[in-house]
1. Name the helices (complete DSSP H segments) of the chain with a Cα length along the long axis of 30 Å or more and a Kyte-Doolittle mean of at least 1.0, or state none.
2. Averaged per residue, what accessible surface does the range 44-188 expose to a 1.4 Å probe, in Å²?
3. How fast does the range 93-219 diffuse by Stokes-Einstein, in µm²/s, taking the Kirkwood radius from C-alpha pairs at 20 °C and 1.002 mPa s?
4. Mind checking the full-extension length gain between Val26 and Leu288? Use 0.36 nm per residue of separation minus the Cα-Cα distance, one decimal, nm.
5. If packing is taken as the average number of other Cβ atoms within 10 Å across a peptide's residues, how do 27-40, 51-64 rank, most packed first?
6. Please list, short to long, the whole-number percent of alpha-carbon pairs of the range 157-227 in consecutive 10 angstrom bins beginning at zero.
7. Figure the gain on full extension for Ser75 and Leu36 (residue separation times 0.36 nm, minus the Cα-Cα span) and round it to one decimal in nm.
8. Fully extended, how many nm does the chain gain between Phe277 and Val134 (0.36 nm per residue separation, minus their Cα-Cα distance)?
Amino acid sequence: MGTANDSTFSHFILVGFSDRPQLERVLFAVILPAYLLTLLGNSTIILVSRLDPHLHTPMYFFLTHLSFLDLSFTSSSIPQLLYNLSGQDKTISYVGCALQLVLFLGLGGVECLLLAVMAYDRFVAVCKPLHYMVIMSPRLCLILVSLAWGCGVANSLIMSPMTLWLPRCGYRRVDHFLCEMPALIRMACVNTAVIEGIAFILAIGIVLSPLVFILVSYVYIVRAVLSMQSSSGRHKVFNTCGSHLTVVSLFYGNIIYMYMQPGTSSSKDQGKFLTLFYNMVTPLLNPLIYTLRNKEVKGALRRLIWGNVSLKEKL
């Protein structure tokens, strides 16, 4: 391993799944098409939300940001993973590793907060429908999204340098398929109790607090739905809120398990597969969840497709 000064590092070695060559080939064959579908699905959501005037509402404004986050989040690590799975070279440059860490922490934090913002949007739509457009004004939507981005980026700018500057006494092997904070903390050759404590405190603000807000919002939403007389109204609320709740469950189920505990306490192999699910499967499923359960998105897709077909026929 050596004991070279950390400042001389030009690269890290991502161990990933290199101890299982057969699994690497299977993962490559599965992840490549899944990544392409993720790019297609989230790009479609963004384009449809921007091009169809019927979707120029607060809900789809937030959904556009969620799809952009998923695109960026997945693209921050999956191309490197595919490269490492396809051959013997498992290296990543120091700059590339730092960039992965900054994006992973920043975009993950933004998504936590954005899901809370989307829950507030659903709360206002269901519990205060007559005042919805007044409360959820374009200005407030922009402020809420800016706060989510600002807090997520701030969290990353605090934790990333602290993680990267930990002394590693020459160790370069990252026991993961990406430069993730717990894996980098485990490499340190000093006591990491302080940085783990700071990470835990920040996780409460970035991860747990938005989740509590989401749960409280849905308590009020459920109460409002139960008092509705119209079955069609209840069905519409369940469709839109059900999509959001499904996404929340997929996202938070993984992130809480991974980050609300110290970096040395979880199973390494289990952590890799959970991170892969969180990094690949959730962004892949989000467009499907919102498309399959949402008549407005399906209608917008049909209008966009048939509009293009009609235009070509006229030409």
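1. Qualifying helices: 21-51, 94-127, 138-164.
2. Each residue of the range 44-188 exposes 40 Å² on average to a 1.4 Å probe.
3. Values: Rh = 16.3 Å.
Result for D is 131 µm²/s.
4. 92.0 nm
5. Working: 27-40: 15.6, 51-64: 18.6.
By packing density, highest mean first, the sequence is 51-64, 27-40.
6. Here the calculated profile for the range 157-227 is 17, 35, 20, 14, 10, 3, 0.
7. Net length gain for the segment: 13.0 nm.
8. 47.6 nm
The values are calculated or read from the model by the stated rules, or taken from the named source; none is laboratory data. These numbers were taken from a predicted model, which means no experiment stands behind them. So basically every Cβ, Gly included, is an ideal-geometry build from the backbone, and we count neighbours across all protein chains shown. Quick note on the areas: whole protein, heavy atoms, side chains included, nothing else; ligands and nucleic acids left out. Shrake-Rupley method; radii C 1.70, N 1.55, O 1.52, S 1.80 Å.
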